[in-house]
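Every read-out reported here was derived from the displayed coordinates using simple, explicitly stated rules and does not represent laboratory data. Everything quoted here is computed from the prediction, not taken from an experiment. Methodologically, a virtual Cβ is constructed for each residue, glycine included, from the backbone with ideal geometry; neighbour enumeration extends over all protein chains shown.
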Amino acid sequence: MLYTAHFGAAVLGCYLVAWAMFRSRWPVHSPSIAILCWQGLGLAIGLAVIGVPVSLGLAPYDAPPGTAMVMLARDLAGGQLPRELGLGHLALISVGLGIGAVLLGSTVASLHAAVRARQRQRDLLALVARPDPAAPGVLVLDHPSAAAYCVPGLRPRVVISAGALSLLPRDELAAVLSHEEAHAKERHDLVLLPFTALSRALPGVTWVTRALATVALLVEMRADDRARRRHDDALLAAALARFATAPSHATPAGMLGAAEHDIVARVRRLRAPSSPTPYRAVLALGAALFLAYMPISLFLS
Amino acid sequence: MTRLGDLERAVMDVLWDRSAPATVREVVDALDGRDLAYTTVMTVLDRLAGKGMVERERVGRAWIYRPAATRDVYIAQLMLDALDQAGERDAALVRFARSVTGDEAEVLRAALERDKG
């Protein structure tokens with residue numbers, strides 16, 4: 001029961017830290033720390049949710065979960081289970097392992113879907129995109145709508161539409177391209193992967209959807225920060241505003257609710273002076289890392 | 001770009017520029033400036049068929065090839081992915097920004113005007 005209480009405490013702790021982070025303003029100023037916090041919380045809650053039923057089922061062994069798992073495996077191999085270990089215990093262990101399998105499976109499925117979508121992108125880009133002297137190293141798509149994106153991978157591609165090329169002055173274009181290169185270099189697709197996987201495993205669960213949207217926005221802010229190192233804040237803000245207000249030829253209105261809010265938040269942030277890392281950020285990071293450490297150490301003990 | 005990717009593109013350009021489906025021989029002839037072997041072009045067409053970019057059909061003893069879709073259709077597909085019409089935040093692509101509408105757009109337009117001034 002002691003171990004179950006630990007796992008339960010980790011779940012509760014994750015919930016509280018996540019709740020605090022949704023309400024705080026500091027993540028906007030320290031997106032990198034906030035991303036780390038979310039990664040830690042994601043890992044912690046995944047392991048803890050597996051840990052609660054597993055540790056309940058392993059209670060008859062009266063040993064830490066890691067050791068008890070090994071003992072159970074040995075007993076199963078020997079065909080001799082302890083008398084106290086009933087069907088209920090085995091069912092609980094199966095539930096825990098089942099949750100683990102679902103989480104792992106949806107991660108693999110998300111990765112697989114992303115890899116396929118990217119391969120299709122690369123195949124099509126090879127046939128229809130063209131290089132342009134105005135943007136060296138970048139693929140240009142001849143389409144009037146404004147779009148700039150990155151196809152992540154080992155050999156990433158930065159793509160911009162002809163509409164975006166004509167929309168942006170040269171210096172703003174350079175800032176946008178720096179932003180995309182930051183996504184590619186820091187593999188932000190992998191940062192997002194656990195959260196897309198979680199929302200695939202638990203579709204329609206509000207706080208999962210919210211965490212994914214939050215991390216997606218933080219990743220954009222992080223890429224904005226990387227671009228700011230080399231370009232003026234105002235350039236990036238202007239490019240964002242220009243992009244967002246460009247008439248779109250391909251997207252029907254009314255489907256982009258979340259993004260509207262995001263872009264305004266990014267522009268506001270770029271126009272505000274930067275502030276030092278707040279102590280709350282450090283506190284949250286410490287909490288998230290401790291919460292991740294807790295279930296890991298239980299499974300290893 | 002790889003040599004193979006380059007060839008695929010050249011072959012697709014030939015098919016897109018023709019109004020009718022083409023045989024391997026016709027593609028080779030259209031690319032005569034490149035001095036390509038018949039088998040090379042056939043391999044490239046096979047690869048493109050494997051990726052679903054071209055469709056082939058047997059006519060008599062020869063295969064004829066046609067593009068599975070126009071160039072504009074492919075560009076539109078890429079753009080729809082890029083603009084994320086479904087609103088899904090999948091991990092496949094990372095985008096710079098999406099279009100906004102209504103009041104938020106007004107806020108941003110105002111920001112843009114201030115930056116100019």
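The magnitude of the dipole of the stretch A:156-203, with charges of +1 and -1 set on the Cβ of Lys/Arg and Asp/Glu and taken from the Cα centre, is near 200 debye.
Within the stretch A:186-216, none of the trypsin sites (Lys or Arg not before Pro) combine a DSSP coil assignment with at most 11 other C-beta atoms in a 10 angstrom radius. What's the FRET efficiency of residue A:76 with residue A:279 using the Cβ-Cβ distance as r and R₀ = 51 Å, to the nearest 0.05? Step by step, r from the Cβ atoms, then E = 0.55. Summing Cβ point charges (Lys, Arg +1; Asp, Glu -1) relative to the Cα centre of the protein assembly as shown gives a dipole of roughly 420 debye. Between 0 and 90 degrees, the angle of helix A:31-57 with respect to the longest Cα principal axis of chain A falls at about 20 degrees.
Neighbouring Cβ atoms from other chains, within 10 Å of the Cβ of residues in A:139-149, number 6 on average.
An oblate overall shape is assigned to the protein assembly as shown, the ratio a/c of its alpha-carbon gyration tensor axes (a ≥ b ≥ c) being 1.5 or greater and a/b not exceeding b/c. Projecting the Cα atoms of A:190, A:139, A:103 onto the dipole axis of chain A, where Lys and Arg carry +1 and Asp and Glu carry -1 at the beta carbon, places A:139 farthest toward the positive end.
Loop-resident trypsin sites (Lys or Arg not before Pro) (DSSP state other than H, G, I, E or B) in the stretch A:73-134 with no more than 14 further Cβ atoms inside 10 Å of their Cβ: A:83.
Per-residue mean of foreign Cβ neighbours for A:112-120 is 3 (Cβ atoms of other chains, 10 Å radius). Shape verdict for the stretch A:1-105, please, from the Cα gyration tensor: rounded (a/c under 1.5), prolate (a/b greater than b/c) or oblate. Because a/c hits 1.5 or more and a/b exceeds b/c, the stretch A:1-105 counts as prolate.
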